[in-house]
Amino acid sequence: MEITLRHIAESIGGTVVGDDQVLIKGINSLVSAEQGEISFLSDSRLKDQIRITKASAVIVKGLISLYQGPQLIVADPFLAYARIATIFAPPIPRFPGISEKAIIGEGTYIGKDVSIYPFVYVGRESAIGNEVTLFPGVYIGDKVTVGKGSVIYPNVAIMSDCIIGKDVIIHAGTAIGSDGFGFARDGDVSVKIPQTGIVQIEDEVEIGANNTIDRATFGKTKIGKGVKTDNLIQIGHNVVIGENTIIVSQAGIAGSTKIGKSVVIGPQVGIIDHLVIGDRVMIAGKSGVVKSIPPGEVVSGIPTMPHRLWLRTRGHIRRLPEYFERLKELEDRVKKLDEQIKKEQIG
Amino acid sequence: MEITLRHIAESIGGTVVGDDQVLIKGINSLVSAEQGEISFLSDSRLKDQIRITKASAVIVKGLISLYQGPQLIVADPFLAYARIATIFAPPIPRFPGISEKAIIGEGTYIGKDVSIYPFVYVGRESAIGNEVTLFPGVYIGDKVTVGKGSVIYPNVAIMSDCIIGKDVIIHAGTAIGSDGFGFARDGDVSVKIPQTGIVQIEDEVEIGANNTIDRATFGKTKIGKGVKTDNLIQIGHNVVIGENTIIVSQAGIAGSTKIGKSVVIGPQVGIIDHLVIGDRVMIAGKSGVVKSIPPGEVVSGIPTMPHRLWLRTRGHIRRLPEYFERLKELEDRVKKLDEQIKKEQIG
Amino acid sequence: MEITLRHIAESIGGTVVGDDQVLIKGINSLVSAEQGEISFLSDSRLKDQIRITKASAVIVKGLISLYQGPQLIVADPFLAYARIATIFAPPIPRFPGISEKAIIGEGTYIGKDVSIYPFVYVGRESAIGNEVTLFPGVYIGDKVTVGKGSVIYPNVAIMSDCIIGKDVIIHAGTAIGSDGFGFARDGDVSVKIPQTGIVQIEDEVEIGANNTIDRATFGKTKIGKGVKTDNLIQIGHNVVIGENTIIVSQAGIAGSTKIGKSVVIGPQVGIIDHLVIGDRVMIAGKSGVVKSIPPGEVVSGIPTMPHRLWLRTRGHIRRLPEYFERLKELEDRVKKLDEQIKKEQIG
């Protein structure tokens, strides 16, 4: 596919300075771009790369005199890059229609233009929306809904009764709706508490590979619209995650915790159960959250503290051996002073 | 299904105060329960909810005057809830018999009343007990035993020679019996050590989703009776886990470590190899265990210390910047005192 | 299989002292070995076990007078053990040829002596090398290459365009080539950045169970020759890992970070994006790496510091409550000294 720079500018917005008829066939980084590709400058530290790029056009925030070719001026070059890359991205490979080697249970509704690969299993009384893609090895339980346009990658399991919204992407190996971890103790024995709730995933959510999102004990575990999770994320039963929140890899959220909107949860963070994390909170990587956090705070550490405090604190931690020496020295000096004064008083 | 409160009391034990002929069709939390459902008060902080519940009966430890309907009095309302919920829980959906689209290897024994879904692969010379359920995408290797009544959820892999007990539940995507991580170094090259042992999982164990439990180098990795693991747990080769131990999500246990009975391992805990963790030890979330722990201890931190010490220590960590200022100020004051005294002596 | 000790010595190198015609049928630990098996002493702390072993021969570094049977003297008994165990290890069970219940896409090349189990899906225009084994539930996308002799265990997904080298092992449930975690923000909304690169895994790599290795945004995520990863590892887009590096379970490496050769990354380590970790660096378990690390360093802690410093620091952390008391006491004493001196001056 080749399209003119003008066409790109019209699609995503922005102003072309220079030849807007140049043909573009792809997008690439400044150093890797070849002739016919467009590139972008989203980080001013990479400015020097624009001198040597072979790109046939560049996306910039303001005109760059170092570059001779046509420039597409936009408010946010990185966002423009995402949108243009989407235009050029190869389509997701789709099986044409419903494979004879897939199993569709009784009473299940299948929409139009679906792609259901071999070795997909869909249970009874489920509903698979229009344009849904189910890759090989996908398991869909009974009474599950998968909304229009969603893509479920290989070996994902979506257990019974769960609800997946529209335009959701779930990457390989993820388990949605497995039982929450709930037991009552009878002496030493753990008695299983049936997990009879569901998982609801709203529209435009993207879930990474090998995530585990447990069904609720009662009611629902809910992943809000536009949430994006990275790989190997754990989400416990009855967790609620607000819209547009981002969860980076290997983080875990324990049961019944409520995460606000547009929260950013860093990699390997752990959040205990029954907390409330406010909107727009940012939690740095590896933090351990044991208390609720008001909206807008930025926190780090185990347990978490304000991020600014952590930045100062962590420098002190590595100087503890030195401080200890200084403390001992002070003790010695004070002891000597004490003795001197006593001697003088006697003297 | 509707049963009388009296029937429930007879099933799980306990005394009814009020109308024991009321019909119950389900169990729910105090706030969500509707007419015809029973609820429970297991946490006295929720006492106020009992005023507004629509539940047709409640399970309590002692008679609650705030509630007008029939009350089921039991020693442990939370445990009673677990048992009653089990009565009402919907059965696990089962494929009737052995699907024609499953593969069963030569010499494999299949018990009575099994449910083997399409796309299940069972190897040679294995034994699948009575009433076992194998969901789509389950892989069972050669010479594997799966005990009576066990439920293996979608896309679980149980590698050759492993032994799964009775009434075991394994959630989606878990790998049992993959190779332990063992290499000898030949200069820079890692030479694989064949992992020729097995994994043995005893009766009534429940394993979460996307766990990895490695086979032993020699002998066996062993998960004791009644152990419950949450999601994304790593268990290394030759680990032995005692009965009724609980392991919360994203924890990892390295090779050959021996965990006692009724231990509680918190989320994201890491335990290094070749340790011995005593019975009834509790390890708080995110801890790093680098030394063996005697029975009954409660520990936290990286590396672990007694939990009480950690609770005090962690408060001091965040005050390190303040302490450093106080230390510097003291140094200044002591220096001045020193000078004053010297001056006086000279004077 | 039974072979003479002499044959073993000839295969792996080493000198036999004693009867080199003894027949050996397997290898085992000193305590578990039975007659007919060979064992090994690789850790001098286990020397006492050699007295009680029933092994018919032992592998040692130097002659052990405590043991009466034949001894195989080698430079590195642990490495010799790995090599001999490989001789005796049972072969990986292989499906004979290509199952009729596997799907092979159009234009895909299949080499000789492959083993492709039922319920394997291979896309279009891929290339499966000679002697490759694909277990049930494996998904191979379009235009994927899998090199000669590689073994892909159940329910592994290898997404389109990825390149797997020769003699690679990938354990159950791993996802290779899922989308990297890349989004541009449009106000609160995350706009997906297409991940159009690939994953390349070089020869002799072993990847553990339930790993997630993301495809690059542009270009490739690259796992160098001889790398070994344990279970539940996360490797972000555009990460490059040098030859022979070892990554222990539940570690995570964020996007575009470059790891050197022969690095050892401990369990539950997190490494942020865009760093450079030098050759032969060792990173202790649970560390949080937020800065690049020069070659050869040994680091620990969150954030990392030299391991020797961490060993001293961590002891001080647990003594913080005590230090705080000593600091307060000093402050009191200095205050008193101050007052005394003032009094004297006045006096």
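The values are calculated or read from the model by the stated rules, or taken from the named source; none is laboratory data. Just so you know, these numbers come straight off a predicted model, no measurement behind them. Note that each Cβ is placed from the backbone with ideal geometry, even for glycine, and that neighbours are counted across all protein chains shown. For the accessible areas, the whole protein counts, side chains as well, though only heavy atoms, and no ligand, DNA or RNA atoms are used. Shrake-Rupley method; radii C 1.70, N 1.55, O 1.52, S 1.80 Å.
Couple of notes before you dig in:
- In segment B:168-202, the residues that are of a type in the set (A, V, I, L, M), open to solvent by 20 Å² or more (accessible area, probe 1.4 Å) and more than 19 Å from C:His171 (Cα to Cα): B:Ile169, B:Val189
- C:Val151 passes every criterion in (1) open to solvent by less than 10 Å² (accessible area, probe 1.4 Å); (2) within 12 Å of chain B (Cβ to nearest Cβ); (3) not hydroxyl-bearing (Ser, Thr, Tyr) apart from (1).
- Residue satisfying condition, being at pLDDT 95 or above, more than 10 Å from chain B (Cβ to nearest Cβ) and under 25 Å from A:Pro93 (Cβ atoms), within set C:Glu131, C:Glu125: C:Glu125
- Condition check for B:Tyr81: closer than 30 Å to A:Arg185 by Cα, out of contact with any Leu (no Cβ under 6 Å at 6 or more places or on another chain) and among the aromatic types (Phe, Trp, Tyr): yes
- Subset of segment B:156-200 (residues that are of a type in the set (Val, Ile, Thr), touching a residue at least 12 places away in the same chain (Cβ under 8 Å) and at the interface with chain C (Cβ under 7 Å from one of its Cβ atoms)): B:Ile193, B:Thr196
- So B:Lys258, is it farther than 23 Å from A:Ile271 by Cβ, surrounded by fewer than 24 Cβ atoms within 10 Å (Cβ to Cβ) and not polar (S, T, N, Q): yes
- Boolean, B:Asp161 is under 18 Å from B:Gly236 (Cα atoms), charged (D, E, K, R) and in the same structural domain as B:Lys112 (by TED's automatic domain parsing): yes
- When each of A:Thr245, A:Thr313 is tested for being open to solvent by less than 20 Å² (accessible area, probe 1.4 Å) and within 14 Å of chain B (Cβ to nearest Cβ), the lone residue that passes is A:Thr313.
- Residue check for A:Ala254: small (Gly, Ala, Ser), farther than 26 Å from B:Ile302 by Cα and away from chain C (no Cβ under 12 Å): no
- Residue in segment A:203-214 that is under 13 Å from A:Cys162 (Cβ atoms), assigned to a loop (DSSP other than H, G, I, E, B) and of a type in the set (Asp, Glu) present: no
- Counted residues, segment B:64-84 - those being aromatic (Phe, Trp, Tyr) and part of a helix (DSSP H, G or I): 2
- So B:Ser287, is it out of contact with any strand residue (DSSP E or B) (no Cβ under 6 Å at 6 or more places or on another chain), open to solvent by less than 20 Å² (accessible area, probe 1.4 Å) and free of Cβ contacts under 8 Å to residues at least 40 places away in the same chain: no
- A:Glu339 vs. criteria open to solvent by 70 Å² or more (accessible area, probe 1.4 Å) and in a loop (DSSP other than H, G, I, E, B): no
- Test: residue in segment C:288-302 that is among the polar types (S, T, N, Q) and within 20 Å of A:Val248 (Cα to Cα): no
- Residue count for segment A:117-131 under the criterion of being of a type in the set (Val, Ile, Thr) and over 20 Å from C:Ala175 (Cβ atoms): the result is 2.
- When segment B:30-48 is filtered for residues that are of a type outside the set (Asp, Glu), open to solvent by 30 Å² or more (accessible area, probe 1.4 Å) and under 31 Å from the mean Cα position of the chain (by Cα), the ones remaining, listed by number, are B:Val31, B:Ser32, B:Ser42, B:Ser44, B:Arg45, B:Leu46, B:Lys47.
- All of (1) outside the structural domain of B:Asn238 (by TED's automatic domain parsing); (2) open to solvent by 60 Å² or more (accessible area, probe 1.4 Å) hold for B:Val276 with one exception: (1).
- Applying the condition of being away from chain C (no Cβ under 12 Å) and either over 23 Å from B:Glu243 (Cβ atoms) or charged (D, E, K, R) (or both) to segment B:203-213 and asking which residue is surrounded by the fewest Cβ atoms within 10 Å (Cβ to Cβ) yields B:Asp203.
- The combined condition, being β-branched (Val, Ile, Thr), crowded, with 24+ Cβ neighbours inside 10 Å, within 30 Å of C:Arg280 (Cβ to Cβ) and more than 7 Å from every other protein chain (Cβ to nearest Cβ), is fulfilled by B:Val239.
- Selection status of C:Ile87, surrounded by fewer than 18 Cβ atoms within 10 Å (Cβ to Cβ), among the aliphatic types (A, V, I, L, M) and assigned to a helix (DSSP H, G or I): yes
- Tabulated pairs, segment C:7-23, first more than 21 Å from B:Asp186 (Cβ to Cβ), second assigned to a loop (DSSP other than H, G, I, E, B) and of a type in the set (S, T, N, Q), C-beta under 7 angstrom, 6+ apart or interchain: C:Val22/C:Ser56
- Whichever residue in segment B:99-122 is of a type in the set (Phe, Trp, Tyr) and within 12 Å of another protein chain (Cβ to nearest Cβ) and, among such residues, is surrounded by the most Cβ atoms within 10 Å (Cβ to Cβ): B:Phe119
- Test: residue in segment B:307-317 that is within 23 Å of C:Ile247 (Cα to Cα) and not charged (D, E, K, R): no
- Output for segment A:218-229, where each listed residue is open to solvent by 10 Å² or more (accessible area, probe 1.4 Å), part of a loop (DSSP other than H, G, I, E, B) and modelled with pLDDT of 95 or more: A:Lys225
- Exclusive hit being polar (S, T, N, Q), free of Cβ contacts under 8 Å to residues at least 24 places away in the same chain and not assigned by TED's automatic domain parsing to the domain that holds A:Lys166, set A:Thr257, A:Thr245, A:Thr313: A:Thr313
- Flag for A:Pro96 being within 14 Å of chain C (Cβ to nearest Cβ) and open to solvent by 10 Å² or more (accessible area, probe 1.4 Å): yes
- Qualifying residue in segment C:302-310 (condition: open to solvent by less than 50 Å² (accessible area, probe 1.4 Å), at the interface with chain A (Cβ under 9 Å from one of its Cβ atoms) and in contact (Cβ under 8 Å) with a residue 12 or more places away in the chain): yes
- C:Pro91 meets the conditions (1) modelled with pLDDT of 95 or more; (2) under 30 Å from C:Gly123 (Cα atoms); (3) within 12 Å of chain B (Cβ to nearest Cβ) in every case but one. The failed one is (1).
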